Amino acid sequence: MTMIRSISGFRGTIGGAGSDNLTPLVIVQSTVGFGAWILSQFVDGPNKPSVVIGRDARPSGEMVQNLVMGTLQAMGIDVIDLGLSTTPTVEMAVVGEGAQGGIVLTASHNPVEWNALKLLNQKGEFISAEDGAEVIRWAESEMNFAPVEELGQVRKVDDWIARHIDAILDLDLVDVQAISAANFKVVVDAVHSTGGISVPPLLKALGVSQVVELYCEPHGRFPHNPEPLPEHLTDLSEAVVKHGADAGFSVDPDVDRLAMICQDGSPFGEEYTLVSVADYVLQHTPGAVVSNLSSTRALRDVAGRHGVDCHTSAVGEVNVVNAMRACEAIIGGEGNGGVIYPTLHAGRDALLGIALWLSHLAHHKAAGGTARSMRDALPAYVISKDKLQLEPGMDPGALLDKFCADHAHLNPSTVDGVKLDLPEGWVHLRRSNTEPIVRIYAEAATLEEAKALGNAYKMRLMAGVV
């Protein structure tokens, strides 16, 4: 089994022995590190520092949450308990409750045996690399715990999903009137997690006429691989066609990634979630856009259509948010179905993505269009994803340095691994932070061309030749 300690949190599999899994001892130690970091940042005041806790519906979630909350209490930190929630909801609650941080208990798209502690700062954003290193350092240090009269208290708050939905409805670009007039029928695949208690209420509040719920009971036993990729969404595709729906929505277990299915059962494509939403936003609000280096070139093309700049960042939500802040971007995100709209909050948010995308589709439908025709109007690219398995003794850093030097004439980007922008597409090679591999992504006009492009540069990486 596996345990991964990274700058943004602690992730692993439940059960087993020792520190190689997300055992109770590891959960407590990890929480101590975050709690100590919170205490080190806290300026003495009349109240104790507080941390917001929310979780997805995994069977291990309640057990992990109890350990986390008890540990924080033992450190003299108050806990605001949201119970079952979504990652973007917890992010908003940290700010709304005036808390000093947050912990989301979710392993996102990983299988049911996984869980994780995702760590948020006072802004409700994922902690930085520097802060993550401090948390790890604190987790490895000895800690003095609070005396009985100074233990933290737990306060349960159960209305934050509703408050999140209300905040989305209040956005100027969320057109409830147009959505209601469109008389939409949609299908929702919530993979038996917290999308089941957040997506249907959102859709009903938006005025969607009919909502067909698929796998919406939040018991955490995923009916299929929970990553919202086309090969995992065959049930959703079939349900959209069967019910004659206008679209289908799939979210991952913590509801920060969104994928759509068109009315004919074809995938809209998770890479195109951000592209489509950005196209709608830029029609109404000009401004820069940001995506990570491994996301589709289509966003750049759409930005060009609207006469605005498109910037890129290293892979990772915190990196996208920092780049968005630097260029004052109006919208950004990642090609995994993550939409970030800082007018609401600075984090990937599938609920927000649904509301903006449906607003876009409502106007498109009024002009005689469908989800499929809206997708077909966007620039067409396909991404191929491959990897190079590293053998013992292979140094991925040295391999990438050599590759970069060999391709200096192509002006490679080294912001995150090595990326080559080419006339026929792009290739991005980056070392994994969690596996002994180098990821090799390539994009071109067709899947065959993308695979050929990626394979050609994979061979060059292995051989060290131009």
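Computed from the coordinates by the stated procedures, all read-outs in this text should not be read as laboratory data. What you are looking at is a predicted structure, and each value in this text was computed from that prediction instead of being measured. Please note: Cβ atoms are built from the backbone with ideal geometry, for glycine as well, and neighbour counts cover all protein chains shown.
List the relative contact order of the stretch 3-158 as a percent without decimals, with contacts defined as Cα pairs under 8 Å and 6+ residues apart.
Normalised by residue count, the contact order of the stretch 3-158 is 33 percent.
Which entries in the list 48/118; 123/156; 118/156; 118/387 go over 29 Å, if you measure between the two C-alpha atoms of each?
Listed pairs above 29 Å: none.
What does the charge count around residue 152 come to, taking other residues whose C-beta lies under 13 Å from its C-beta (Lys +1, Arg +1, Asp -1, Glu -1)?
-2
Please work out how much length the chain gains when fully extended from residue 170 to residue 156, using 0.36 nm per residue of separation minus the C-alpha to C-alpha distance, in nm with one decimal.
Taking residue 170 through residue 156 to full extension adds about 2.5 nm, to one decimal.
Counting alpha carbon pairs within less than 8 Å and at least 6 residues apart, what relative contact order, in whole percent, applies to the chain?
12
What share of the DSSP beta bridges in the chain is antiparallel, in percent to the nearest 5?
Taking every DSSP beta bridge within the chain, about 60 percent pair in antiparallel fashion.
Can you tally the net charge around residue 104? Count Lys and Arg as +1, Asp and Glu as -1, for every other residue whose Cβ sits under 15 Å from the Cβ of residue 104.
-4
Quick one: work out the % antiparallel among DSSP beta bridges in the stretch 3-158, nearest 5.
Here the antiparallel bridges make up roughly 50 percent for the stretch 3-158.
Cut-off is 10 Å between beta-carbons; in what order do 309, 252 appear when sorted fewest neighbours first?
Going from least to most buried by this count: 309, 252.
Taking the Cβ-Cβ separation of residue 370 and residue 455 as r and a Förster radius of 41 Å, what is the calculated FRET efficiency to the nearest 0.05?
0.70
Could you tell me whether the stretch 3-158 comes out rounded, prolate or oblate from its Cα gyration tensor? Rule is a ≥ b ≥ c as square roots of the eigenvalues, rounded for a/c under 1.5, then prolate if a/b exceeds b/c, otherwise oblate.
rounded
How big is D, in µm² s⁻¹, for the stretch 180-376 by Stokes-Einstein at 37 °C and 0.692 mPa s if Rh is the Kirkwood radius over C-alpha pairs?
198
Quote the Stokes-Einstein diffusion coefficient, in whole µm² s⁻¹, for the chain, based on the Kirkwood radius over alpha carbon pairs, a temperature of 37 °C and a viscosity of 0.692 mPa s.
My calculation gives 143 µm²/s for D.
Would you tally the net charge around residue 222, using a Cβ to Cβ cut-off of less than 11 Å, leaving residue 222 out, and scoring K and R as +1, D and E as -1?
So the environment of residue 222 carries a net charge of -3.
Helix-only mean residue ellipticity at 222 nm, the chain, DSSP H runs n ≥ 4 weighted -39,500 (n - 2.57), per residue, nearest 500. What is it?
Mean residue ellipticity at 222 nm (helix-derived): -11000 deg cm²/dmol.
Straight-line reach only, C-alpha to C-alpha below 19 angstrom: list the aspartates and glutamates that residue 458 could link to, leaving out same-chain residues fewer than 8 apart.
386, 391, 395, 401, 406, 416, 421, 424, 435, 443, 448, 449
Using the C-alpha gyration tensor of the stretch 140-284, what are the square roots of 5 times its eigenvalues, in whole angstrom, with the largest one first?
Semi-axes from the Cα gyration tensor: 33, 20, 16 Å.
If you rank 363, 192, 409, 164 by fewest surrounding Cβ atoms within 10 Å, what's the result?
Fewest-to-most Cβ neighbours within 10 Å comes out as 409, 363, 192, 164.
Relative contact order for the stretch 282-335 using alpha-carbon pairs under 8 Å, separation at least 6, rounded to a whole percent?
Once divided by the residue count of the stretch 282-335, the mean separation gives 47 percent.
Under 12 Å between alpha carbons, and skipping anything fewer than 8 positions from residue 185 in its own chain: which aspartates and glutamates qualify?
Partners within reach: 213, 246.
Once you have the Cα-Cα distance between residue 385 and residue 141, take 0.36 nm times their residue separation minus that, and quote the gain in nm to one decimal.
83.9 nm
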